[in-house]
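The structure under discussion appears below in the form of structure tokens.
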Amino acid sequence: MRKLVIFCDFDGTITNKDNIISLMKEFAPPEYLPIKENILSQKQSIRDGVKEMFALLPVSLKDQITSFLLEQAQIRDGFAEFVSYTKERNIPLYIVSGGIDFFIHPILEPFGPFADVYCNESDFSGDNIHIHFPHGCDELCTSKGCGCCKPSIIRQLLDDNALSVVIGDSITDLEAAKLADVVIARDFLIEKCEELHIRYEPFKSFHDVIQIIDEKLGVPQ
Ligand code: MG
Ligand code: ZN
């Protein structure tokens with residue numbers, strides 16, 4: 001049987017809302033809005049857009065932003081059970097996120113450890129927040145501006161007989177969804193999958209995700 005490997009998005013997937021959008025709404029000047037729209041409509045790369053949005057924020061906001069996100073971030077139902085489910089079955093669970101280290105690590109801390117966590121990195125040494133992208137696009141990525149390039153990470157980690165599962169909610173998961181054997185989607189990722197005729201399974205909670213994966217593993221309900 002093929003070995004299952006799961007790649008799970010963070011913002012809007014593990015958390016109910018997108019943390020970057022929440023923090024921009026709260027702390028950024030309105031200049032972030034056209035950048036956000038351009039990212040969603042694919043007029044601007046995710047990498048450049050995220051970099052520009054964070055550059056609107058002074059580093060002095062770091063502690064305020066972090067405690068704001070830790071307080072308001074809600075974890076999607078069933079996530080803790082889902083993590084235990086993968087651990088019991090020795091299914092590697094990778095978190096692959098276009099979000100930023102300074103809020104992802106503390107929010108995920110009570111649930112880990114995971115097979116690994118891939119995300120973008122923040123630098124607070126200048127006047128404004130600077131974002132680094134340590135997991136950039138490989139030569140096979142057709143998009144080239146992913147920021148945290150999910151398809152490149154999947155190619156790096158997956159061996160030939162593995163069955164890849166991608167769980168996500170938005171535009172940052174699209175390139176990974178094109179590559180995955182199984183796509184578990186919600187929200188905007190559903191729209192994009194429909195548009196591009198990519199097969200997907202819809203989910204609302206991680207209880208749904210467990211059920212979908214059980215079916216893929218051939219576990220009787
Ligand atoms: Mg997301
Ligand atoms: Zn890429």
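The values are calculated or read from the model by the stated rules, or taken from the named source; none is laboratory data. A quick note: this is a predicted structure, and the numbers were derived from the prediction, not measured. Don't worry about glycine lacking a Cβ; one is built from the backbone with ideal geometry, like all the others, and counts go over all protein chains shown.
A few comments on the model shown:
- Per this entry, residue 114 is counted among residues that are touching a Leu at 6+ places or on another chain (Cβ under 8 Å) and either within 17 Å of residue 52 (Cβ to Cβ) or surrounded by 15 or more Cβ atoms within 10 Å (Cβ to Cβ) (or both).
- Test: residue in segment 4-16 that is touching a Lys or Arg at 6+ places or on another chain (Cβ under 8 Å) and more than 16 Å from ligand 1 (Cβ to nearest atom): yes
- The lone exception for residue 123 - which of (1) over 19 Å from residue 209 (Cβ atoms); (2) more than 17 Å from the chain's Cα centre (by Cα); (3) in contact (Cβ under 8 Å) with a residue 40 or more places away in the chain it fails: (3)
- Cβ-Cβ under 8 Å pairs, at least 6 apart or on other chains, segment 69-90 side closer than 27 Å to residue 102 by Cβ and at pLDDT below 95, far side hydroxyl-bearing (Ser, Thr, Tyr) and assigned to a loop (DSSP other than H, G, I, E, B): none
- Considering residues of segment 146-164 that are touching a Phe, Trp or Tyr at 6+ places or on another chain (Cβ under 7 Å) and more than 10 Å from ligand 2 (Cβ to nearest atom) only, the residue nearest to residue 97 (Cα to Cα): 154
- Residue 124 being touching an Asp or Glu at 6+ places or on another chain (Cβ under 8 Å), of a type in the set (Phe, Trp, Tyr) and at pLDDT 95 or above: no
- Within segment 57-71, considering residues that are surrounded by fewer than 17 Cβ atoms within 10 Å (Cβ to Cβ) and under 20 Å from the mean Cα position of the chain (by Cα), the one farthest from residue 104 (Cα to Cα): 71
- Whichever residue in segment 8-56 is among the polar types (S, T, N, Q) and outside any loop (DSSP other than H, G, I, E, B) and, among such residues, is farthest from the chain's Cα centre (by Cα): 38
- Looking across segment 7-56, the residues that are surrounded by fewer than 18 Cβ atoms within 10 Å (Cβ to Cβ) and of a type in the set (S, T, N, Q) come down to 16, 38, 41, 42, 45.
- Residue count for segment 125-145, restricted to those that are more than 16 Å from ligand 2 (Cβ to nearest atom) and surrounded by fewer than 15 Cβ atoms within 10 Å (Cβ to Cβ): 4
- The residues listed here are 188, 203; of these, the one that is over 19 Å from residue 93 (Cβ atoms) and surrounded by fewer than 24 Cβ atoms within 10 Å (Cβ to Cβ) is 188.
- Residue pairs whose Cβ atoms lie under 7 Å apart, separated by 6 or more positions or on different chains, with the first residue in segment 143-163 and at positive phi and the second of a type in the set (A, V, I, L, M) and within 16 Å of ligand 1 (Cβ to nearest atom), are 147/46; 147/50.
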